[in-house]
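Visitor: Here it is, the structure, as structure tokens.
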Amino acid sequence: MEVLQESLAEAGEIPFENCTLARALADKMRSSSDELTRRWLDRISARVTMEPNRIFPTDALLDHVPLLILGIADYLENPQKVILSEIPVVAKAMELGELRFSQGFDEYEVLKEYEIFGGILFSFLSRVVDDIEEPCSRGELLACAHRLFLAVALIQQATLTHYLSLVKERLNEREQRLRGFNRALSHEMGNLIGTIAGAAEILELGAVSPEQHRIMT
């Protein structure tokens, strides 16, 4: 995440901090956050074998998505005033990672979810940008696209990093249980081998009755 944060800092050096197009695009995104959320939910539902109300099983979790969109819009408007890594947007993204972990999503599905999310946002801005009556240079237009990409990437990274930390924690727990099982098994095997070895020595001495010999063999 540190590398991406450096990229975000560098993005703030792009000389378009007062871009009127960026402000207009951000406003469009904010006013359409509910529509964009529904579109994301529909696209995810079409990809996974899960009912839509299980993808975001509570209203609180469903409300995370508009908050993510608002955070992205704020960064799109002015990256110098917004550091996504220091605001609740990333906390919401991490909670989404925890949800996807509990639901059994794999890493590819988490990445694909954000690929869909980013695609929806890019597609939306591509549609509305021609209706915005603001002067804009080609450089400013590319700067807006760059800001959108970086904001989505940071949120994706926050989600995936937390998701992978939970995966690692579960793997460590399984490894510890496996080691405990192996130790217990080794102990039992050692006891069994010791018993067999002792019985073999007694048999070699011949100091047993025929009945004992039958049982021991």
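The numbers here are math on the coordinates, done by the rules we state, and not lab data. As the structure is a prediction and not an experimental result, all values here were calculated from the model. Note: ideal-geometry Cβ built from the backbone for every residue, glycine included; neighbour counts use all protein chains shown.
Visitor: If you plug each phi of segment 18-32 into the Karplus form 6.51 cos²θ - 1.76 cosθ + 1.60 with θ = phi - 60°, what whole-Hz ³J(HN,Hα) values come out, in order, with x for Gly and Pro?
Guide: Each residue of segment 18-32 in turn: 10, 5, 5, 5, 4, 5, 5, 5, 4, 5, 4, 5, 4, 5, 10 Hz.
Visitor: Right, next: Please go through segment 105-147 and write out the GluC sites (Glu not before Pro) that DSSP classes as loop and that have at most 14 other C-beta atoms within 10 Å. Spell out each step's value before the answer.
Guide: Values: sites: GLU107, GLU109, GLU113, GLU115, GLU133, GLU140; in loops: GLU133.
Taking segment 105-147 and a limit of 14 other Cβ atoms within 10 Å, the loop GluC sites (Glu not before Pro) found are GLU133.
Visitor: Under a point spin-label approximation (7 Å from Cα along Cα-to-Cβ), what is the GLU107-ASN18 distance to one decimal in nm?
Guide: Label-label distance for GLU107 and ASN18, simple model: 4.6 nm.
Visitor: Could you derive backbone 3J(HN,Hα) for segment 119-136 from the dihedral phi with the Karplus parameters 6.51, -1.76 and 1.60 (θ = phi - 60°), listing whole Hz in sequence and x where the residue is Gly or Pro?
Guide: Listing the rounded values in order: x, 5, 5, 4, 4, 4, 5, 5, 6, 8, 5, 6, 8, 8, 8, 10, x, 7 Hz.
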